[in-house]
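K.L.:
There's a structure below that I have some questions on.
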Amino acid sequence: MSATRALPCATTRAFSLSSARFSEGSTDVLLSQKLAEELKYEKEAADESEPEFLKTFKQQGIWKIEDIEGNDEVTLTRKFGNESIRVMFSIADIQNAEEPEFGQEEESDSEETENVRSYPIRVSFSITKEHAQGSINVDTMCQDGAFIVDNISYYPDAQLGSELTAEADWKRRGLYIGPQFETLDVSVQEEFEKFLQERGINEHLALFIPDYSELKEQKEYVRWLENVKKFVDA
């Protein structure tokens with residue numbers, strides 16, 4: 001009788017230890033395997049060497065890249081005389097871009113045209129000056145190797161114009177952001193475009209941003225796969 005009573009007790013202890021040790025659902029192993037397969041595929045497909053477009057961009061020494069691992073936003077900075085210029089864009093726009101449906105892609109005879117990214121990426125520029133109040137912010141859409149200006153704003157507080165915090169964004173919402181760029185006199189538009197071109201906001205930068213966005217998105221995706229798999233396996 002005593003031996004019979006001991007069996008349920010031993011079974012219960014074994015089940016308790018097993019649950020505490022593995023702590024997993026019935027789908028965890030399969031999910032981990034699929035994540036591992038995807039991770040292997042992405043790593044094999046990726047070229048770990050620095051791409052030529054990035055080497056060339058760095059060698060030019062015009063813009064400094066501020067890219068924080070795990071963030072989806074990238075900032076480029078440069079000095080131009082007494083001005084400090086910041087370029088801000090997010091890789092989230094790549095994830096939200098719609099892929100063209102099968103059979104709808106237009107063929108191009110120009111190899112250069114084929115290399116130009118067609119999906120839009122929102123890019124903001126902030127220009128401040130030493131010993132001067134305020135900042136000019138330029139909101140654009142980067143597409144097809146060009147910047148399409150949406151509007152140009154002036155903020156009397158330079159910090160308010162350049163900060164990326166939620167508080168600063170909330171304060172900016174109540175301010176006049178300026179007219180739509182396309183409603184300005186054509187001659188004013190042309191001079192503004194020359195103003196931006198002179199500061200390196202040109203076709204070369206408009207081609208670099210989509211390329212770098214794709215590169216970063218790929219790296220962040222691989223990092224995401226690694227982190228999620230580690231969590232599932234824990």
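What follows is calculated from the coordinates using simple rules that are stated; it is not laboratory data. Quick caveat, the model's predicted, so the values are computed rather than measured. Here the Cβ is made from the backbone with ideal geometry for all residues, glycine too, and neighbour counts use every protein chain on show.
K.L.:
Quick one: which of 182-191, 219-228 comes out on top by average Cβ neighbours within 10 Å, and what's the full order, highest first?
P.N.:
On the way: 182-191: 10.9, 219-228: 14.6.
The densest-packed peptide leads the list: 219-228, 182-191.
K.L.:
So, R0 is 35 Å and r is the distance between the beta-carbons of residue 148 and residue 226; what FRET efficiency does that work out to, to 0.05?
P.N.:
FRET efficiency, residue 148 to residue 226: 0.45.
K.L.:
What net charge is computed for the residues neighbouring residue 228, neighbours being all others with C-beta under 14 Å from the C-beta of residue 228, Lys and Arg scored +1, Asp and Glu -1?
P.N.:
Net of charged neighbours comes to -3.
K.L.:
Additional query: Net charge near residue 153: determine it from the other residues with C-beta under 11 Å of the C-beta of residue 153, scoring Lys and Arg +1 and Asp and Glu -1.
P.N.:
-1
K.L.:
Can you tell me which lysines have their Cα less than 27 Å from the Cα of residue 229? Leave out same-chain residues fewer than eight positions away.
P.N.:
Cα-Cα hits under 27 Å: 34, 40, 43, 216, 219.
K.L.:
Using a 7 Å offset from the Cα along the Cα-to-Cβ direction at both residue 133 and residue 204, what is the distance between the two label points in nm, to one decimal?
P.N.:
For residue 133 paired with residue 204, the spin-label model returns 3.7 nm.
K.L.:
For segment 149-213, what is the per residue volume of the convex hull drawn over the alpha-carbon atoms, in cubic angstrom?
P.N.:
Cα convex hull per residue, to the nearest whole number: 122 Å³.
K.L.:
Here is a further query. So between residue 141 and residue 60, what do we pick up on full extension, going 0.36 nm a residue minus the alpha carbon distance?
P.N.:
That pair, residue 141 and residue 60, stretches by 26.8 nm at full extension.
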